[in-house]
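Down below is the structure, laid out as structure tokens.
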Amino acid sequence: MMINISRISSVLFIVVSFALSCEDDGYAMYVWTRGFNVSAPHCGGVYPADKDGLNATCFNHNWETQEARERLWASCQVPGREITRIFLSDIKSRVENNGLNSEGVCDSVLLATLAEAHERGVRVYALFAVSDAAFSETYMATYPNEFNAACGTELAYFDGVSVNNEYFSQIRDCDNPDNTLEQQILLDKLKITASNAAPLPLHFSVSWNWDCCSCSSQSYATRDVQWPADGGEIKSALHHMVDIVDSIDVQVAYNTPSAMISRSAASYDYWTQKVDKSSTSKVYALAYTNPTDLCQVSFSPHAEGSSTASDVCSIGNQERTEASMYAAFDDVETEYPLLKGGIHFMNGVYGSGITDGWPVHDALSMTRSCITNAPSKSTTVYQPSEAPSKTPHAQPTLSPIIAPPSHMSCNDSRLLFLYNKQRVVSCSWVAERPQRRCKRNAIKIQCPITCGYQEGCLQDSKRKFEIIESGKRRSCKWVQRKNTEKRCGLIDMCNTCRATCSKWPGGCQS
């Protein structure tokens, strides 16, 4: 076992490398907060079209109780069909206070879930899915690292960060010129999210049609975009996403093997050419198992809104069962040997017992212990340098922390800011090409550490920036106008409006 010790701020990070005997070579699965409970009296064994009113009683938390977790782990350990990576929802409130929950302590249920997963060879990625234009997942990406630092043990830790933000579907139209700028901004934010997630790998969910303007096989045309906007490469927006993140799942949105193969092609072919892929880099073809309005989109035994547990679908795969899903995965993996299947999602209806074709999986009598001394993949776990504080902390900031040189007493602003009236960037983006991007005086003031501009440590930002708490765009003049002391207490404002906020003794909320 190798131990590497370094200190960042007041937290001691201990990087422990140990081996996992269970390889991460199985399927992936989404574990959303609530899954279908086939035994719920109100729903009569039929997955309801919504979760409103009494329909809410048809769903249980997917991992909060020991019973729920036993069903989850059993569904991850079907012999020959093992799931070795899960994207776990209901994480934010449990880790958003510098790794602690709302009570200022390490979340005991989360710790138990993570430890049980690793005992069974299952990697756990913290899942965030706000799916908004502001890309709020950007600042959430820091939470899992903070949890690992404050609460992590040899078994209880996050392996990665997963983001499901589908806003790109609203700006994918190739005929609207305004969409190009929005696409570039989204890619900027995805890049920042990957930086904020580091050193954990970032997983991102994409739709198969994000690659194309015309997606038919007869007239396929890619959706090309230049990124970064100032001198970047022109390629498919989907290809940019594959470059930015560590792993992806492709929402193929169809249940026949042939469609799953064709719709995975653009992502898989480009991913195989990606240089210097990490050991955790993967591509998954994501199969829906939850009821959808179009029956051919999912392997669910009934369409959304059906009154019976199973119905007839005249389009697509005629057999909508777990076995047919597995068979489709086999066909796709035969065509693309490095790709794996992905399941959307636990108890939706995978593992629910809604029909004989979707059984409840039996718990294995023995769990697989994957901690060994054999040389294999290394995993990073963290331990705090001291017991975590029970005082809740503010939300983390958007950009990776950059330690200032000893001769400076300030930090780069960690808030997103406007670069050219519309484009939103960060100081981490500036740091990618500092010689070029630091030429503008306003940029040097915003990012004095990156740009080596000591004078900026005494000046207010000249750009509009995004308030983390509200997502609204403001300026330092807004901070000065009224309630200045209160506004200077907003996250990282003292590193953004430095001259204004230096007059107040409240300190910097970062």
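The values are calculated or read from the model by the stated rules, or taken from the named source; none is laboratory data. All values reported here derive from a predicted model rather than from experimental measurement. Cβ placement follows ideal geometry from the backbone for every residue including glycine, while neighbour counts extend to all protein chains displayed. Areas reflect the complete protein model, heavy atoms only, side chains present, ligands, DNA and RNA absent. Shrake-Rupley method; radii C 1.70, N 1.55, O 1.52, S 1.80 Å.
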Could you name the lysines whose alpha carbon sits less than 28 Å from that of LYS477, not counting residues in the same chain fewer than 8 places away? LYS189, LYS421, LYS439, LYS444, LYS462, LYS464, LYS486, LYS503
Can you tell me the length gained on complete extension of the stretch SER307 to ALA327, counting 0.36 nm per residue apart and subtracting the Cα distance? 4.4 nm
For the stretch 204-290, the spread of Cα positions along each principal axis, largest first, Å: 40, 35, 22
How many angstrom lie between the Cα centre of the stretch 112-143 and the Cα centre of the stretch 89-105? 12
In vacuo Debye scattering of the stretch 76-155, one point per C-alpha: log10 I(q)/I(0) at q = 0.17, 0.19, 0.21 Å⁻¹? -0.70, -0.83, -0.96
Whether the stretch 85-207 is rounded, prolate or oblate, judged on the alpha carbon gyration tensor where a/c under 1.5 counts as rounded: prolate
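With the alpha-carbon atoms as the only input, what is the per residue convex hull volume for the stretch 213-366 in Å³? Don't jump to the answer; show the numbers that get you there.
On the way: hull volume 22.6 nm³, N = 154.
Measuring per residue, one finds 147 Å³ for the Cα hull of the stretch 213-366.
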Once you keep just the Cα pairs under 8 angstrom separated by 6 or more residues, what percentage relative contact order results for the chain? 17
So what does log10 I(q)/I(0) come out to for the stretch 409-510 at q = 0.17, 0.18, 0.21, 0.23 Å⁻¹, using the Debye formula with one equal point on every Cα and no solvent? -0.68, -0.76, -1.03, -1.23
Could you report the stretch 211-363's accessible area per residue, 1.4 Å probe, as an integer in Å²? 39
Charge dipole of the chain built from unit charges on the beta carbon (Lys, Arg +1; Asp, Glu -1), centred at mean Cα; most positive-end Cα among SER278, ASN148, VAL252 is ASN148
Please report, in debye to the nearest 20, how large the charge dipole of the stretch 96-203 is about its Cα centre when each Lys and Arg carries +1 at its beta carbon and each Asp and Glu carries -1 there. 280
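State the extension gain, in nm to one decimal, for the chain segment bounded by LEU54 and GLU455, taking 0.36 nm per residue of separation less the distance between their alpha-carbons. Spell out each step's value before the answer.
Numbers: separation 401, 0.36 × 401 = 144.36 nm, distance 6.12 nm.
Net length gain for the segment: 138.2 nm.
So what is the calculated 222 nm ellipticity per residue for the chain, using -39500 (n - 2.57) for each DSSP H run with n of 4 or more, over all residues, to the nearest 500 deg cm²/dmol?
Values: 16 runs with 133 residues, N = 510.
Value at 222 nm, helices only: -7000 deg cm²/dmol.
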Given the whole protein assembly as supplied and a 1.4 Å probe, what does the accessible area of LYS189 come to in Å², nearest 10? 10
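Can you compute the charge dipole magnitude of the chain about its Cα centre, using +1 on each Lys and Arg Cβ and -1 on each Asp and Glu Cβ, nothing else charged? Give it in debye, rounded to the nearest 20.
For the chain, the charge dipole is close to 2740 debye.
Ignoring ligands, DNA and RNA, what percent of the 1.4 Å accessible area of the chain is carbon and sulfur? Show your work: numbers first, answer last.
Values: 10680 of 21480 Å².
Heavy-atom surface of the chain belonging to carbon and sulfur, 1.4 Å probe: 50 percent.
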Estimated distance in nm for a label pair at ASN420 and LYS439, the labels positioned 7 Å out from Cα along Cα-to-Cβ: 1.2
I need the Debye-formula profile for the stretch 138-256: one equal scatterer per C-alpha, no solvent, reported as log10 I(q)/I(0) at q = 0.20 1/Å, two decimals. -1.09
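Magnitude of the Cβ-charge dipole of the stretch 32-124, K/R +1 and D/E -1, about the Cα centre, nearest 20 debye? Don't skip to the end; give the middle numbers.
Details: 10 positive and 12 negative charges, 65 e Å.
That gives a dipole near 320 debye.
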Quick check: net charge around ARG94, other residues with Cβ under 11 Å of its Cβ, Lys/Arg +1 and Asp/Glu -1? -4
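Per the Kirkwood formula on distinct C-alpha pairs, the Rh of the chain is how many angstrom?
24.3
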Taking R0 as 25 Å, what's the FRET efficiency between SER279 and CYS174 from their Cβ-Cβ distance, rounded to 0.05? 0.10
